[in-house]
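What follows is calculated from the coordinates using simple rules that are stated; it is not laboratory data. Because the structure is a prediction, the values reported are computed rather than measured. Here the Cβ is made from the backbone with ideal geometry for all residues, glycine too, and neighbour counts use every protein chain on show.
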Amino acid sequence: MRATIFAGLAALAASVTAIPTISAKGSKLFTSDGHQFFIKGIAYQLSPDDPLIDNTQCKLDASLMSTIGANAIRVYHVDPTGDHRGCMSTFADAGIHLFVDLDTVGTYILSDTPEWTRNQYSAYTKVVDEFQQYNNTAGFFVGNEILTNANSSIAAPYVKAAARDIKAYRDSKGYRKIPVGYSAADIPSLRPNLQNYLACGTNASEALDFFSLNAYEWCGDSSYDLSGYSELNQNASNYNIPIFFSETGCNKPEPRTFADQAAILGDRMNPYWSGAIIYERIAEANNYGLVSYGTPISATVSDQEASYIRSGTPTPISPDFSNLSKQWKTLTPTGVSESAYSPALTPPSCPAYTSDVWEVNGAVALPTLGQTYDAGVRSSITAGTAAASASGKASGTAASASPSASHTGSASGGNEIAGMSAGLVVVMLGFVWWL
């Protein structure tokens with residue numbers, strides 16, 4: 001009996017610790033075994049509910065994902081009180097890491113009347129507490145598509161304040177330095193100001209660990225220059241923290257060829273970008289799915305999403321699934337080893353106030369936890385008349401709207417709807433041996 005229990009706990013411990021961890025260093029992501037990490041990810045939100053609780057489903061999905069070389073998933077909503085051991089172990093065994101959003105319904109930062117409250121902080125830290133124990137947790141998002149126009153740039157200091165406090169909490173608890181970042185809507189008028197603002201300043205504790213972009217510019221028979229990726233790449237070429245695509249995969253016209261993956265993971269962009277997450281896993285009315293779980297059932301016109309089956313054996317959607325597989329199998333960037341990499345880039349300047357473009361005046365003091373947002377706070381953020389420098393001007397061409405902005409499984413700026421650590425396993429192993 002003791003031998004059986006010991007063997008089972010040993011297997012669990014091995015599963016928990018087998019996959020290397022991910023950390024941020026300079027402008028790159030690295031595995032704990034010293035290799036640069038390039039994301040080949042898939043947005044994984046089968047429903048508004050937590051998708052990381054049903055291990056039977058996770059096993060089916062992870063098995064198929066691994067056949068095309070996926071090494072990451074993004075999950076928009078989780079229940080921190082749920083048991084995630086099975087699914088996290090399953091994805092770890094498949095070599096798949098997790099990027100998880102901390103916000104959910106009722107806790108996201110609003111764009112027009114932003115707040116960073118103790119209730120939000122408590123909700124975010126509960127997710128951190130739950131997922132920090134898993135080696136394949138690769139990053140936390142403090143927000144998704146909160147800023148969508150120049151007026152909403154007033155919320156940027158609140159995004160930065162949330163990241164500041166989550167990083168401080170992570171460090172105070174002695175947790176692994178899991179990177180904390182933000183997933184931005186691709187809004188040309190906010191480029192590159194938002195990107196630069198979230199990394200600017202002399203106080204590293206207030207800067208994000210990474211920045212990511214939901215971009216759907218490369219559509220159909222496009223190209224590096226025609227799509228606007230050349231401008232995105234230029235904006236990232238001197239960026240001092242990791243940057244990657246947190247959603248991508250335009251679906252007009254169909255079928256999706258995922259030709260942008262050759263650019264993102266190719267020689268022109270992989271010196272600056274850390275890969276991409278494809279939107280999305282499940283087939284729905286928006287036609288972004290890579291797999292289906294069966295023929296949709298009848299539903300009312302007003303509730304089309306309810307007609308889609310969200311569990312069972314996944315069936316690849318042709319030719320999209322195979323198109324992505326073909327792209328990823330030919331793209332194996334190696335980058336640089338961590339031991340050979342010495343970061344030399346410095347934080348960008350904080351962009352100055354520019355009316356109707358960027359309404360945050362440089363390195364303003366960040367909001368404190370629980371601070372009430374009012375006219376006085378807004379004035380302190382927008383105060384100043386300095387003209388924008390060349391680096392503060394908006395750039396780029398109009399981009400397609402992110403499909404997650406209306407997707408029931410996505411955070412979309414929030415407009416949507418107890419585990420066992422490796423250390424505990426070791427303690428239990430010792431206890432069983434003593435018995």
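For segment 122-159, the residues whose backbone nitrogen is under 15 Å from a point 7 Å from the Cα of SER32, taken along Cα to Cβ, are 131-139.
Over every pair of different alpha-carbon atoms in segment 275-367, take the mean of 1/r and invert it; report that Kirkwood radius in Å. After inverting the pairwise mean of 1/r, the radius is 18.5 Å. Relative protection proxy for 140-147, 229-236, 349-356, from highest mean packing down: 140-147, 229-236, 349-356 (other beta-carbon atoms within 10 angstrom).
What order do you get for HIS35, HIS77, HIS97 when you list them from fewest to most C-beta neighbours inside 10 Å?
In increasing order of surrounding Cβ atoms, one gets HIS35, HIS77, HIS97.
For segment 69-189, dividing the convex hull volume of the Cα atoms by the residue count gives 103 Å³ per residue.
Sequence-distant contacts, meaning Cα pairs under 8 Å at least 6 residues apart, place the relative contact order of segment 54-205 at 22 percent. Approximating the spin labels as points 7 Å out from Cα along Cα→Cβ, the VAL105-to-GLN371 distance works out to 3.1 nm.
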